[in-house]
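Have a look at the structure below, then the notes.
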Amino acid sequence: PPSASAQSLAGRETLPAVVAHLPHSVPSPMRLAPPHQRLMLCSMSMARSMMTSAPSSLPLKDPSLFVGRGFIGGEWVGADDGSTVDVTDPASGLCLGSIPNMGGSETRRAVEAAEAAFASWRSKTGKERGAVLRRWFDLIMANQQDLAAIMTAECGKPMAEAVGEIAYGASFVEWFAEEAKRVYGDVVPNTTPGTRILVLKQPVGVVGAITPWNFPSAMITRKCAPALAVGCPVVVKPSELTPFSASALALLAERAGMPSGVLNLVLGAKAQEVGDELCSNPTVRKLGFTGSTAVGKQLLRQSAATVKKVSMELGGHAPLIVFDDADLDEAVAGAMGSKFRNSGQTRAASADLFPHAYSSLLQEDETSGVPLV
């Protein structure tokens, strides 16, 4: 198929029909709890089965993409104790489905599965790994509308933005599918005559990835694609608020031919347990996290004992400066987009505006109809 960028808003004409059937059309506006309070821990019974098919209110061409299970060692599994967590639609407050409430023991098993798959996966050529990633990319784009509908239902993101995020997330897979063939080393001159220094780049081992709810697909592919491309298996802990986007991606990876144990998914609300295991387990050689600065600091402290490599994408402030000679129309449009995109839930959402021409910008702002300053 065409590149992700060419399809970023493909099928826009179908959006109204899709949105009309999403579980966001409620009789009257509802005042809902903030995102961290939306998770309903109302169904922890071991007797309750996990939903593995899409709710009737969510029209998917492929309902099998809606999976309510974790993915460990190539198997779709529940929690060891059978407990589940309900996931709700943030627009209506209705329950979308249930996921297993996994914790430390399941995470440990996922790490063991990843370690078992490491030798085989790293031994494949970059071309072979890239071919698997390319098939994954193709499947993501082929199911773009369904993946976007799932994201909108569990995240509340407008359908057009969700469609765009699927393409954005897929672009990481597309890029690193090609870069897998270009992991070069270096030849460095040495001070000793007649000798040279060879620098080889090798996979570090099992990678842990903890991802947020505000970009539930793109933050997974952004972390997983480069790790998988160079030969590192991954254990992913997505947000408990948006697990179905993660499980759909894992299912498509499985269909693309990703070997068992190379990509693992731990679901649930036991973030502390999962984080503790990923940080303390010496088998995990790198940890990637996107989220708050406070949690990032804690993960850094915990990872120090095993001297892990870490990549932290933490909270931002993003001040926006408007200079005297700025195009005010562009400045206002840029500020509005920065502040209100994704309901302001982005690390680049402008927290402060510093206009050099305050009165002119204020006048321009008033004509927009939305208070900015």
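The values are calculated or read from the model by the stated rules, or taken from the named source; none is laboratory data. It should be emphasised that the depicted structure is a prediction, and the values quoted were computed from it without experimental measurement. So basically every Cβ, Gly included, is an ideal-geometry build from the backbone, and we count neighbours across all protein chains shown.
What the table below lists for this structure:
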item	result
Count of residues meeting criterion [in a loop (DSSP other than H, G, I, E, B), in contact with an Asp or Glu (Cβ under 8 Å, 6 or more places away or on another chain) and at pLDDT below 95] in the stretch 91-122	0
Residue in the stretch 135-157 that is among the hydroxyl-bearing types (Ser, Thr, Tyr) and closer than 21 Å to residue 223 by Cβ present	no
Search result, residues across the stretch 62-76 that are surrounded by fewer than 18 Cβ atoms within 10 Å (Cβ to Cβ) and under 18 Å from residue 97 (Cα atoms)	62, 63, 64
Candidates 70, 82, filtered to the one that is in the same structural domain as residue 217 (by TED's automatic domain parsing), at pLDDT 95 or above and within 21 Å of the chain's Cα centre (by Cα)	70
Members of the stretch 154-189 that are small (Gly, Ala, Ser) and touching a helix residue (DSSP H, G or I) at 6+ places or on another chain (Cβ under 7 Å)	160, 162, 167, 169, 170, 171, 177, 180
Test: residue in the stretch 123-138 that is touching a Gly at 6+ places or on another chain (Cβ under 7 Å), aliphatic (A, V, I, L, M) and assigned to a helix (DSSP H, G or I)	yes
Selection from the stretch 215-226 of residues that are small (Gly, Ala, Ser) and crowded, with 24+ Cβ neighbours inside 10 Å	217, 225
Top-ranked residue in the stretch 286-299 [being in contact with a helix residue (DSSP H, G or I) (Cβ under 9 Å, 6 or more places away or on another chain) and without any contact (Cβ under 8 Å) to a residue 40 or more places away in the chain; ranked as nearest to residue 91 (Cα to Cα)]	295
Any hit, the stretch 191-205, residues being touching an Asp or Glu at 6+ places or on another chain (Cβ under 9 Å) and small (Gly, Ala, Ser)	yes
Residue match in the stretch 89-107 (condition: under 21 Å from residue 233 (Cα atoms) and surrounded by fewer than 21 Cβ atoms within 10 Å (Cβ to Cβ))	yes
Residue 254, sole failed condition from (1) among the charged types (D, E, K, R); (2) assigned to a loop (DSSP other than H, G, I, E, B); (3) more than 15 Å from the chain's Cα centre (by Cα)	(2)
